[in-house]
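Working notes for the structure below.
The values are calculated or read from the model by the stated rules, or taken from the named source; none is laboratory data. All values derive from a computational prediction rather than experimental measurement. Using ideal geometry, Cβ is built from the backbone for each residue, glycine included, and neighbour counts are taken over all protein chains shown. Keep in mind that these areas ignore ligands, DNA and RNA; they rest on the heavy atoms of the full protein, side chains included. Shrake-Rupley method; radii C 1.70, N 1.55, O 1.52, S 1.80 Å.
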Amino acid sequence: QLQLVESGGGSVQTGGSLRLSCAASGRTFSWYTMGWFRQAPGKQREFVAATSWPGNSSYYADFMSDRFTISSDGANTLYLQMNTLKPEDTAVYYCALSYTQLARAAGAYNIWGQGTQVTVSS
C-alpha cells in the first residue's frame, strides 16, 4: 500500500521561504505523476505543480510564478521549494500521486497525503 507523508509546513512572514517534502513509501509503478495541490479556507483544492516519470517532466499551474520550484531526489521524495511567500499562499498543501501522465486535475490523482499547513502572515 503506497503512502505519502508531507512535512515542512509552518508559519512564516511575507517574503519568507519554506521547503515542503513528500516521502513516498510502498510500491510505485514505472509511469506516474507526483504533484502538489493546495487548499485555502473556503476555496477549492487547486493544482500547484507536478512531475511525471519517466522523463522527470515538471510543470506548473498557469498562475504559478517562478516563486515555487518542484524537484525530487530521484528516489521516493518530492519537494516544493517556496520562496517570496505571500499571505495568499496560506493553505493546506497536499502531495498526491496519479497513475496518469501529466495529470493536473485533482480527480486524476489516486493517492493523497494528509496535508501540511502553510501560513504566511503580513
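Condition first: polar (S, T, N, Q) and open to solvent by 30 Å² or more (accessible area, probe 1.4 Å). Now tell me which residues in region 35-62 satisfy that.
If the condition is that a residue be polar (S, T, N, Q) and open to solvent by 30 Å² or more (accessible area, probe 1.4 Å), then GLN39, GLN44, ASN56, SER57, SER58 are the ones that fit.
If you go through region 63-99 and keep only what is surrounded by fewer than 16 Cβ atoms within 10 Å (Cβ to Cβ), in contact with a Phe, Trp or Tyr (Cβ under 8 Å, 6 or more places away or on another chain) and touching a residue at least 24 places away in the same chain (Cβ under 8 Å), you end up with GLN81, ASN83, TYR99.
Of all the numbered requirements in (1) at negative phi; (2) open to solvent by 10 Å² or more (accessible area, probe 1.4 Å); (3) in contact (Cβ under 8 Å) with a residue 12 or more places away in the chain, CYS22 misses one, and that requirement is (2). In region 101-122, which residue that is in contact (Cβ under 8 Å) with a residue 24 or more places away in the chain, more than 13 Å from the chain's Cα centre (by Cα) and open to solvent by 70 Å² or more (accessible area, probe 1.4 Å) is farthest from GLU46 (Cα to Cα)? Taking the candidates together, the pick is SER122.
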